[in-house]
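Since the structure comes first, as structure tokens, the remarks are kept for the end.
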Amino acid sequence: MFNLFNLFRLHRIRQLRLFRQLRLFRLFEHPILLSTLAHRHAVRDTALSWFQSYLDHRSQSFFVAGDQTDDFILDCSVPQGSVLGPLLSVSHTTEVSDIFDRRGELFYLFTDDKQTYASGRVSEVDTIRRQLAVCAEDVAAWCASRHPQLNAEKTELIWFGSHANLSRLSGRDLSITIGSETIKPVNSVCDFGLRLDNELSMKQQINATARTCFYHL
């Protein structure tokens, strides 16, 4: 947050993208996950065999309207509701950080969300937009190869800056394209419960907090 507010003092703008992923827990293929644990996280020998035994030969069934389905073997997921489920999913997706490092972008990684940042002067907007569009395509390609689906419809894009700098961007194309989806910039985003508007006035966050307080009073 401090870095965002610091942009106003430096008369710069920043683009923030929030990548959303679909069906993260259900689409991990076990061989890919085990290979990632071995080659990226140096999990080998007995430890790797333990993870393999944890994933292999699991079955699952569902209850629907009181009826139970037949069991079926799970070959591409991690157990939901388990302690290791989130840990394994995070371990599986850390490879995407290589993309951001290669493109020279700042980023934050969460279980099923990825956030990337790039900043510059208003005159550099077109360059920033092109660089981030290429990075977005790389992330989409990585997701396709690893099967965690990139939810382009829920991926958000916002440009932060002072009112004066944002006014200078009026009428320009500030969107990026991911596959067949065009991500248009929005005026505000909800980032882990905090509502951020593009001028960082915090008005929407204050209004939302006030509404919640009045509701409980």
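The values are calculated or read from the model by the stated rules, or taken from the named source; none is laboratory data. Since we're looking at a predicted model, the values are computed, not measured. For neighbour counting, all protein chains shown are included, and Cβ atoms are generated from backbone atoms with ideal geometry for every residue, glycine included. Surface accessibility is based on the protein's heavy atoms, side chains included, excluding ligands, DNA and RNA. Shrake-Rupley method; radii C 1.70, N 1.55, O 1.52, S 1.80 Å.
Kirkwood Rh over alpha-carbon pairs of segment 69-217, then Stokes-Einstein at 25 °C and 0.890 mPa s: what D in µm² s⁻¹, rounded to an integer? All intermediate terms of the calculation are to be shown ahead of the outcome.
Working: Rh = 18.0 Å.
In µm²/s, the coefficient is 136.
With all protein chains present, calculate the accessible area of Ile158 using a 1.4 Å probe and round the result to the nearest 10 Å².
Accessible surface of Ile158 is approximately 0 Å².
If you find the alpha carbon centre of segment 37-79 and of segment 175-214, how far apart are they in angstrom?
Computed from Cα coordinates, the inter-centre distance equals 37 Å.
Can you return the aspartates and glutamates within cross-link range of Lys203? Criterion is Cα-Cα under 17 Å, with same-chain partners fewer than 8 residues away left out.
Correct list for Lys203: Asp191.
Can you give the FRET efficiency to the nearest 0.05 for Leu87 and Arg195, using r as the Cβ-Cβ distance and R₀ = 35 Å?
Values: r = 30 Å, r/R0 = 0.85.
Efficiency, rounded to the nearest 0.05: 0.75.
Could you sort Tyr108, Tyr215 by accessible area so the largest value comes first, with the probe set to 1.4 Å?
Working: Tyr108 120, Tyr215 180 Å².
The ranking, largest first, comes out as Tyr215, Tyr108.
Within segment 148-185, find all residues whose amide N lies under 13 Å from a label point positioned 7 Å from the Cα of Val122 along Cα-to-beta-carbon.
From segment 148-185, the list is 161-172.
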